[in-house]
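**Student:** I have a structure I would like to understand better, so I am pasting it below and will then ask my questions one at a time.
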Amino acid sequence: MADTSPLLDFLAGNFSAERLPAEAFSLLLAEARACGLLGRVTKILSESPLADSLPPPLQDQLLAASIYSNAFRQDVWRELAHIEQALSSLNTPVILLKGASYVLLDLPAAEGRVFSDVDILVPRNQIAAVEAALMLGSWATGKLDAYDQRYYRQWSHEIPPMTHLYRGTTIDLHHSLLMTTCRVPVDSCRMISAAVPVRDNEFWWRLKDEDMVLHAASHLMLNSMFDRGLRDLWDIDLLYRHFTSLSADFPERLLSRAREVGLEAILTQALWLSFMFFRTPLPDFLLPLEKSFSLRLVALAATTRHPDTRPRGQAWADVALMLREMYLRLPNNLLLVHLWHKISVLCAGPPKAAV
């Protein structure tokens, strides 16, 4: 086990690359890869004076990561064009969310960001038409049992993921920003209704600036999967810095908007984590008054995941946050049904292969 994390030092600005031995530099890149941050870290390091003095194997890693990130970004643009082609005849607003929206808007958060799917949102009454159009374009949902189909179709904020039969790309088709059964009373409809068209584009829409930060914060804090937690936190940091650079009153507008839609506590908790890891320049009124136990669990789960630097107790934090997510997503009656189904599936074991 390493005594310190080069990645966490790098993210917090406490990083002196000139004095870093090659072994620690290699660990930095390995940590970044494990957290889904290799593209962003590579972008910064490649532009530093240090890049040319690195050992050839490390220079090769930076070059390979840079090539992959650039190719991935081009793939995203092509995939967005395919989606637009499949849905343009429906004349319905299509809101692009998270990573793909950062790419489309050319935001700083898009630099080096790699993600597994394209998230889009349409009005609920258009879900069937959009799903049918995507199926005609060769996207299809995977095989799910009857319970999982009901979970997605009746309770979730999205339908089952749709994967392209030939390209292997995945779309998450949403009709809401959060599950309608969520115990956190968030006015998702207000955020969706405030969406605006993307500049010079008649097809794609985007959340307003404040709502982009709020959606990123809610996705982080109400989730249970933190293998990309540092990446998602860096998104929040970069979005906040960018929008604040465009408008000095953005922090006040952000807090006001969070109060309007019921995300004040979620926002301040996410921003506190952003400050802890990235030293995000925040005014005091955007920091939480109390650091709850669940917030400290998220801090433990969202940090580095490399076997040599991950903190003790991270696995227990993952389990606790998984249970917390289920509790927040479902009311008691549905939670009991959900747990019973999952336990039954685990006890039954994997399906037997056909003879």
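The values are calculated or read from the model by the stated rules, or taken from the named source; none is laboratory data. These numbers come from a predicted model, not from an experiment. All Cβ positions, glycine included, derive from the backbone under ideal geometry; neighbour counts span all protein chains shown.
**Student:** Taking helices (runs of 4 or more DSSP H) that do not extend beyond segment 78-160, which have at least 1 residues that are under 24 Å from the mean Cα position of the chain (by Cα) and under 23 Å from residue 191 (Cβ atoms)? I'd like the intermediate steps shown before the answer.
**Tutor:** Working: elements: 98-104, 127-136, 146-150.
Because the criterion is at least 1 residues that are under 24 Å from the mean Cα position of the chain (by Cα) and under 23 Å from residue 191 (Cβ atoms), the helices (runs of 4 or more DSSP H) in segment 78-160 that meet it are 98-104, 127-136.
**Student:** Look through 51, 86 and report the one residue that is surrounded by 13 or more Cβ atoms within 10 Å (Cβ to Cβ), at pLDDT below 90, farther than 13 Å from residue 28 by Cβ and of a type in the set (A, V, I, L, M).
**Tutor:** Criteria check complete, one pass: 51.
**Student:** Considering only residues that are at pLDDT 90 or above and touching a helix residue (DSSP H, G or I) at 6+ places or on another chain (Cβ under 8 Å), look in segment 312-326 and name the one that is surrounded by the most Cβ atoms within 10 Å (Cβ to Cβ).
**Tutor:** 321
**Student:** A further question on this structure: If I ask for residues that are small (Gly, Ala, Ser) and either buried (at least 18 other Cβ atoms within 10 Å of the Cβ) or touching a His at 6+ places or on another chain (Cβ under 6 Å) (or both), which ones from segment 95-142 would you list?
**Tutor:** 99, 100, 101, 109, 110, 112, 133, 138
**Student:** Checking residue 193 against (1) surrounded by fewer than 21 Cβ atoms within 10 Å (Cβ to Cβ); (2) over 30 Å from residue 90 (Cβ atoms); (3) at pLDDT 95 or above, which test does it fail?
**Tutor:** Every listed condition holds for residue 193 apart from (2).
**Student:** Out of all the residues in segment 247-263, is one or more in contact with a helix residue (DSSP H, G or I) (Cβ under 9 Å, 6 or more places away or on another chain), under 26 Å from residue 39 (Cα atoms) and assigned to a helix (DSSP H, G or I)?
**Tutor:** no
**Student:** Enumerate the pairs (first residue in segment 179-197 and more than 16 Å from residue 327 (Cβ to Cβ); second residue anywhere and aliphatic (A, V, I, L, M) and part of a strand (DSSP E or B)) with beta-carbon separation below 9 Å, excluding pairs fewer than 6 apart on the same chain, so at least 6 apart or on different chains.
**Tutor:** Going by the 9 Å Cβ cut-off, the qualifying pairs are 192/95; 192/121; 195/95; 195/121.
**Student:** I need the full set of residues from segment 175-215 which are of a type in the set (Gly, Ala, Ser) and more than 30 Å from residue 336 (Cβ to Cβ), in order please. Break it down stepwise before answering.
**Tutor:** We begin by selecting, within segment 175-215, every residue of a type in the set (Gly, Ala, Ser); these are 176, 188, 193-195.
Of everything in segment 175-215, those that are of a type in the set (Gly, Ala, Ser) and more than 30 Å from residue 336 (Cβ to Cβ) turn out to be 193, 194, 195.
**Student:** Residue 165 is checked against (1) over 25 Å from residue 101 (Cα atoms); (2) among the hydrophobic types (A, V, I, L, M, F, W, C); (3) free of Cβ contacts under 8 Å to residues at least 40 places away in the same chain and fails just one. What number does that condition carry?
**Tutor:** Looking at each condition in turn, residue 165 falls short on (1).
**Student:** Here are the criteria: (1) surrounded by 18 or more Cβ atoms within 10 Å (Cβ to Cβ); (2) among the small types (Gly, Ala, Ser); (3) modelled with pLDDT of 95 or more. Tell me which single one residue 156 does not satisfy.
**Tutor:** Residue 156 satisfies every listed condition except (3).
**Student:** Helices (runs of 4 or more DSSP H) wholly in segment 269-355 with at least 2 residues that are under 28 Å from residue 151 (Cβ atoms) and more than 22 Å from the chain's Cα centre (by Cα) - which ones? First the steps, then the outcome.
**Tutor:** Values: elements: 293-302, 314-329, 332-348.
Here the list reads 332-348.
**Student:** Can you tell me which residue in segment 55-76 is modelled with the highest pLDDT, limited to those that are in contact with a helix residue (DSSP H, G or I) (Cβ under 7 Å, 6 or more places away or on another chain) and among the hydrophobic types (A, V, I, L, M, F, W, C)?
**Tutor:** Within segment 55-76, the match that is modelled with the highest pLDDT is 76.
**Student:** Another question about this same structure. Look through 181, 170 and report the one residue that is surrounded by fewer than 18 Cβ atoms within 10 Å (Cβ to Cβ), modelled with pLDDT under 95 and of a type in the set (Val, Ile, Thr).
**Tutor:** Answer to the check: 181.
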